[in-house]
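S.K.: Here it is, the structure, as structure tokens.
The values are calculated or read from the model by the stated rules, or taken from the named source; none is laboratory data. Values in this document were obtained by computation on a predicted structure and should not be read as measured data. Virtual Cβ from ideal backbone geometry, glycine too; neighbours counted across all protein chains shown.
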Amino acid sequence: MAYTLPFALRKRTDREVIEAMKNNTTHDARTALYDLLAGAEGCGPAARAARRAQDDELADFLCKAEDEIVGEAKRLLAQRAAE
């Protein structure tokens with residue numbers, strides 16, 4: 001049987017991040033941006049898996065999406081930290 005990390009220690013899936021954002025009415029903008037960054041990190045492993053499967057179109061899309069999301073989220077976080 002495979003070892004499973006305790007829920008508090010495992011990385012949340014993109015879907016779990018999105019569900020938490022939708023269901024938490026006290027989410028502020030910074031928390032939402034941090035959650036978005038955490039979800040975007042999942043694009044890297046998915047892009048590598050797509051490359052291994054020789055699906056370059058999907059891999060390129062995932063890399064581009066990660067770059068754009070991470071870059072814009074960091075910019076917005078810096079902007080809000082300066083306010």
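Yes or no, residue by residue, for (1) within 16 Å of the chain's Cα centre (by Cα); (2) aliphatic (A, V, I, L, M); (3) at pLDDT 85 or above:
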{"residue": "20", "(1), (2), (3)": "yes, yes, no"}
{"residue": "23", "(1), (2), (3)": "no, no, no"}
{"residue": "26", "(1), (2), (3)": "no, no, no"}
{"residue": "57", "(1), (2), (3)": "no, no, yes"}
{"residue": "74", "(1), (2), (3)": "yes, no, yes"}
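S.K.: Can you report the number of residues in segment 24-76 which are hydroxyl-bearing (Ser, Thr, Tyr) and over 17 Å from residue 12 (Cα atoms)?
M.R.: 2
S.K.: Scan segment 32-43 and report the pairs whose first residue is touching a residue at least 12 places away in the same chain (Cβ under 8 Å) and whose second residue is of a type outside the set (A, V, I, L, M, F, W, C) and in a helix (DSSP H, G or I), with Cβ atoms within less than 7 Å and a gap of 6+ or a chain change.
M.R.: Listed pairs, sorted by first residue: 39/14; 40/66; 42/14; 43/66.
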